[in-house]
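The values are calculated or read from the model by the stated rules, or taken from the named source; none is laboratory data. Predicted model, so just to flag it, every value in this text is computed and none were measured. Note: ideal-geometry Cβ built from the backbone for every residue, glycine included; neighbour counts use all protein chains shown.
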């Protein structure tokens, strides 16, 4: 979870299922580049992840930098 937080992620919850831990988090897509490799190193090859688009914020033209996605 710390790696997701370091990528500007917001962990919304987590739960255990058998020997697995499922983590629900929102992370900017641009920050997820290279996450598969990082997760492989962190979990010694025993983890997988899936992503889906949660939302796409719409900003006035030229004002994207003024807003924080959280």
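Quick notes on this structure:
- In summary, residue 23 fulfils each of the numbered conditions (1) exposed (fewer than 12 other Cβ atoms within 10 Å of the Cβ); (2) at pLDDT 90 or above with the single exception of condition (1).
- Qualifying position, being closer than 15 Å to residue 3 by Cα, assigned to a helix (DSSP H, G or I) and either at pLDDT below 90 or in contact with a helix residue (DSSP H, G or I) (Cβ under 9 Å, 6 or more places away or on another chain) (or both), among 30, 47: 30
- When residue 40 is tested against (1) at pLDDT 90 or above; (2) exposed (fewer than 10 other Cβ atoms within 10 Å of the Cβ); (3) not in a loop (DSSP other than H, G, I, E, B), just one condition goes unmet, and that condition is (2).
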